[in-house]
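Here is the structure we will look at.
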Amino acid sequence: MVANDLEKIDELIRAEEATLAQMQPASIAFAARARKALAGGVVCSWHATDPHTMYGATGSGARIRDLDGNELIDMHLGYGVMVAGHANAKVVEAVRRRVAEGTHFALSVQDAVAVAEHLAERFQVPLWRFTNSGTEATMDAVRIARAATGRDLVIRVEGCYHGSPDGLDFSSWPELAYAGPAERPVPVPHTAGIPRLYGEALRIVPFNDVEVLTRVFAEEGDRIAAMIMEPVAMNMGIVAPDDGYLAQIRELTRRHGVMLVFDEVKTGATIAYGGAIEWSGIVPDLICLAKAIGGGLPIGAVGGSEEAMGPVVSGTMEQEGTFNGNPLSMAAAKATLTEVLTKEVYAHLDELNGVLRAGFGDVKSRFGLPVTIQTLGARGGLQFADPAPRNFRERVAIDWRIVYLEHLVQLTGGVWIPNGDPWATSVAHTREDVARYVENLDRFASLLA
Ligand code: PMP
């Protein structure tokens, strides 16, 4: 369906973009004002989307309204943050209570201890610190690993994303022309402004490739502080680890005295109650969390073993931040984790996945699409390849237009999903909500047929 019909796909894209422009005149007009004060008209470069920037929004449960008042079923959920649902009553109440009691003291509050205790039980590592974003969590995790090992190099997986620290923001979506051979990838800065010098402390490996990793450890194992990775990759669509891949990494990192860092910013408390650690049974030395654990308030967390967190406990490595463990975020996280994203919720998410998978299977067989689906708890997505990609280079071989067209067809059909990133579902989504996704997928397939 895909590769040989790009002209037709371009035509379909233009038609969907025209429909969307008719749906969102207020957003299009507002962009002119926004651009005069916000650089590029947006607060984050990811928001500068095609075909025009959409502004928002209000949200309630599984739905948001954009600036034009269009009501959309939200399967974007703010990059997978709002798994608790928009304006969840328990989170609203916790934040309301806290905001009236003061929101910042430069003191660690009781809720921070309660959240840390909860995370320790849930993610199987004992000691925690808080940040305000996933970026700060990965930045701190790598620094902790370097402090704990006294080594400098970091292994990083091509196609994984770990936020925007200068020292890590390489090779998340590299242009292949600059990325070196598949079995010996070179670090490519993710964006302008990152000194190539930082890349010299990185070793880039492909996802799902133990052979390359074994070679890197053999060559330089005693210089490597950490290996950081998304245990289930979620920044190249969803790419799951092969059977045994994470266990082999755990064994190799142990053997070479290297700290294994799971970046669970996307997977933590979403793919399962205990994230990828519960899902895989593999416990890393350090784990990074953010996004969904805060119920919509800014948060990040880094947790680790006694050994890994030793330098933080002793004070030889200072982990710092004015707003770390902000009382408002801590109150929201406590309510989100202990009252909303409870163990029972994951059965509900699986039920939604049943609807999505059955609907997908039906569309796939009727239209013969070479497409695959992944669903893991609150996260899921399609890959426009069958079999599904196992690493970045296989993912990037998929033409972006097919991914974009599906995103547009979902949006004009009233379902808001990211353009290329996995979708997310929440405690508030119903079977009917996700059935709308399937209806739109059916229309997408018939447009292509
Ligand atoms: N790690 C992963 C796996 C992510 O997907 C992201 C953001 N998409 C980050 C880190 C950075 O998180 P933040 O945007 O909160 O800084």
(message) Testing the spin-label approximation: label points 7 Å from Cα along Cα→Cβ at THR58 and ARG215. State their distance in nm.
(response) 5.8
(message) If I take every Cα pair under 8 Å that is 6 or more residues apart in the stretch 261-388, average their sequence separation and divide by the length, what percent do I get for the relative contact order?
(response) 22
(request) Could you please report the charge total around GLY413, scoring K, R as +1 and D, E as -1 over all other residues with beta-carbon less than 13 angstrom from its beta-carbon? (result) -4
(message) Positive end of the dipole of the stretch 390-449, charges at C-beta (+1 Lys, Arg; -1 Asp, Glu), about the Cα centre: which of LEU447, ILE398, PRO422 has its Cα farthest in that direction?
(response) ILE398
(request) Have a look at the DSSP beta bridges in the chain and tell me what percent are antiparallel, nearest 5. (result) 60
(request) Taking only Cα atoms and a 10 Å spring cutoff, compute GNM fluctuations for the chain and point out the largest among TYR198, TYR437, TYR79. (result) TYR198
(message) Only four residue types carry charge here, +1 at the Cβ of Lys and Arg and -1 at the Cβ of Asp and Glu. Report the dipole size of the stretch 25-176 about the Cα centre in Debye, rounded to the nearest 20.
(response) 340
(message) Restricting to DSSP H runs of at least four residues, report the calculated mean residue ellipticity at 222 nm for the chain, -39500 (n - 2.57) per run over all residues, nearest 500 deg cm²/dmol.
(response) -12500 deg cm²/dmol
(request) Quick one: dipole size for the chain, taken about the Cα centre, charges +1 on Lys/Arg Cβ and -1 on Asp/Glu Cβ, in debye to the nearest 20. (result) 600
(request) Tell me the label-point distance for the pair GLU121, ARG431, using the 7 Å Cα-to-Cβ offset, in nm and rounded to one decimal. (result) 3.2
(message) For the chain, set up a GNM with springs between Cα atoms under 10 Å and report which of LEU197, LEU369, LEU408 has the largest fluctuation.
(response) LEU197
(request) Quick one: which residues, 5+ away or cross-chain, put their amide H under 5 Å from the amide H of VAL83? H built at 1.01 Å from N. (result) none
(request) Using a Gaussian network model of the chain whose springs link C-alpha atoms within less than 10 Å, name the residue from ALA39, ALA269, ALA358 with the highest mean-square fluctuation. (result) ALA39
(message) Using +1 at the C-beta of Lys and Arg and -1 at the C-beta of Asp and Glu, which of PHE262, ALA225, LEU297 has the Cα lying farthest in the positive direction of the dipole of the chain?
(response) LEU297
(message) Could you give each residue of the stretch 414-428 its phi-based ³J(HN,Hα) in whole Hz, using Karplus coefficients 6.51, -1.76, 1.60 with θ = phi - 60°, and x for Gly or Pro?
(response) x, 10, 9, 10, x, 8, x, 7, x, 7, 9, 10, 10, 4, 8
(request) Work out the P(r) tail for the stretch 89-340: percent of alpha carbon pairs separated by more than 32 Å, whole number. (result) 20
(message) Between GLU318 and ALA21, how high is the FRET efficiency from 1/(1 + (r/R0)^6) when r is the Cβ-Cβ distance and R₀ = 51 Å? Nearest 0.05.
(response) 0.50
(request) Would you mind working out the accessible area per residue for the chain, using a 1.4 Å probe, and quoting it in Å²? (result) 41
(request) Of the listed pairs LYS36/LYS291; LYS90/LYS266; LYS334/LYS364, which have alpha-carbon separations greater than 32 Å here? (result) LYS334/LYS364
(message) Please compute the contact order of the stretch 89-340 in relative form: average sequence separation of alpha-carbon pairs under 8 Å and at least six residues apart, divided by the residue count, as a percent.
(response) 30
(message) Along the Cα→Cβ direction, 7 angstrom out, place labels at ALA106 and ALA48. What is the inter-label distance in nm?
(response) 3.7
(message) Could you work out what % of the accessible surface of the chain is carbon and sulfur, using a 1.4 angstrom probe and leaving DNA, RNA and ligands out of the count?
(response) 52
(request) Find out how many positive minus negative residues lie around GLY59, taking Lys and Arg as positive, Asp and Glu as negative, among other residues whose Cβ is under 9 Å from that of GLY59. (result) +1
(request) Would you pull out the residues with amide H under 5 Å of VAL186's amide H, same chain only if 5 or more places away, H placed 1.01 Å from N? (result) GLY180
(message) From Cα pairs below 8 angstrom and at least 6 apart in sequence, can you work out the relative contact order of the chain, rounded to a whole percent?
(response) 23
(request) Return, for the Cα atoms of the chain, the radius of gyration and Dmax in Å, separated by a comma. (result) 21.7, 63
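The values are calculated or read from the model by the stated rules, or taken from the named source; none is laboratory data. It should be emphasised that the depicted structure is a prediction, and the values quoted were computed from it without experimental measurement. Positions of Cβ are generated from backbone atoms using ideal geometry, with glycine treated the same way; all protein chains shown enter the neighbour counts. Accessible surface areas use protein heavy atoms only, side chains included; no ligands, DNA or RNA. Shrake-Rupley method; radii C 1.70, N 1.55, O 1.52, S 1.80 Å.
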